[in-house]
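Enquirer: Input: one structure, supplied below.
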Amino acid sequence: MPLPADPSFPVPSPSDSESILASRRAWLAAASAMPALAFGASGFADEPSPAEIDLSKLSPKECLAALYAGNQRFVSNRLLETHRRMDRLRAVAPRQTPFAAFLGCADSRVPIEIVFDQGFGDLFVTRIAGNIASSENIGSLEFGTLVLGCKVLYVLGHTSCGAVIAAAKRDAVPGQISGLFQHIRPAVRAAKGDVAQAVIENVRNQAVILAEASPVIAELVRTGKLVVAGGVYDLATGVVNPVEIPDVT
């Protein structure tokens, strides 16, 4: 489907724009090539129940494609929502086997399970203002990937991120809020103060930190058991635009 235009979130450079569009097209194309049980003739996924599809048999890239397909359903208002019912909760209560782990922002407008049309037991989510890779979050994500077996580690930023805006302004703030800024300001500098571009750069930076700072995550990536990816969720359109992450293996 074509990406909706959003004048409130301009992509600062042609290279970033081309990269985002190419990445999203690539993953949606990958989604169409996934097992027939996961994706019907309509192009939208049926309920991914254990009886229909074994996520353990899917590759990390196929799992990533499934996330983008879920976001496409969300944007198109064709949500399945089947994993948000009590029968699903009862099914996963004894044991969780999520297929993707997330480092997302704490913003109340970014409900990750809804944005990707997932539910109970599907995603292992950590959230913090500015989606920064703090040591505590890295430890949680190591658990989600190594112990629980998540095949995708996704850093999700979003447009109009208050933490990025505050880091760019450099105003005095109360309490411990400023402790976030040191993690975000490298992205602000790289973007030369442009907030929209800083959001993109921050996703890229945090993904690289996850891949480099954790020997656990680095080994999973090196052996092909995990893919580290990232994107920016557009508050105006609901679309998650992929951000190209450098290969640090």
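Enquirer: Estimate the FRET efficiency between S178 and A236 by the formula 1/(1 + (r/R0)^6), using the beta-carbon distance for r and 25 Å for R0, to the nearest 0.05.
Expert: Working from the Cβ atoms, E equals 0.30.
Enquirer: Checking the cross-link filter: which lysines have an alpha carbon closer than 26 Å to that of K192, excluding same-chain neighbours under 8 positions apart?
Expert: The reachable lysines, counting only those whose Cα sits under 26 Å from K192, are K169.
Enquirer: So what's region 186-227 giving for Rg/Rh, alpha carbon basis, Kirkwood Rh from the mean inverse pair distance?
Expert: 1.16
Enquirer: Shifting gears a bit: For R84 and S140 in the same chain, what is the full-extension length gain: residue separation times 0.36 nm, less their Cα-Cα distance, in nm?
Expert: That pair, R84 and S140, stretches by 17.8 nm at full extension.
Enquirer: Could you tell me what % of all Cα pairs in region 87-189 have separations over 20 Å?
Expert: Distances greater than 20 Å cover 45 percent of the Cα pairs.
Enquirer: Can you list residues from other chains, or at least 5 along the same chain, whose modelled amide H is less than 5 Å from the amide H of V243?
Expert: G230, G231, V232
Enquirer: List the residues whose amide H sits under 5 Å from the amide H of H158, counting only those 5 or more places along or on another chain, with H placed 1.01 Å from N in the peptide plane.
Expert: Sorted by chain and number, the residues that satisfy this are Y233.
Enquirer: Under a 5 Å amide H to amide H cut-off, with H placed in plane at 1.01 Å, what residues pair with R127 once short-range neighbours are removed?
Expert: G104
Enquirer: Follow-up question, since we're still on this one. How large are Rg and Dmax for region 71-121 when only the alpha carbon atoms are used, in Å?
Expert: According to the Cα coordinates of region 71-121, Rg and Dmax are 11.9, 33 Å.
Enquirer: Return P(r) of region 109-249 (all Cα-Cα pairs; 5 Å bins starting at 0; whole %; ordered from short to long distances).
Expert: Per 5 Å bin, starting at 0, the Cα pair percentages come out as 2, 10, 20, 22, 21, 15, 8, 2, 0.
Enquirer: Expressed as a whole percent, how much of the Cα-Cα distance distribution for region 171-210 exceeds 15 Å?
Expert: The calculated P(r) of region 171-210 puts 43 percent of pairs beyond 15 Å.
Enquirer: Hey, rough spin-label estimate for K225 and S76, points 7 angstrom out along Cα→Cβ, what's it come to in nanometres?
Expert: It is 3.5 nm.
Enquirer: Roughly speaking, what is the centre-to-centre gap between region 62-92 and region 205-221 when only Cα atoms are used, to the nearest Å?
Expert: 27 Å
Only the coordinates and a few stated rules stand behind these numbers; no lab work does. If you're wondering where the values come from, they're calculated on a predicted model, not measured in any experiment. Glycine gets a Cβ as well: all are built from the backbone with ideal geometry, and neighbour counts include every protein chain shown.
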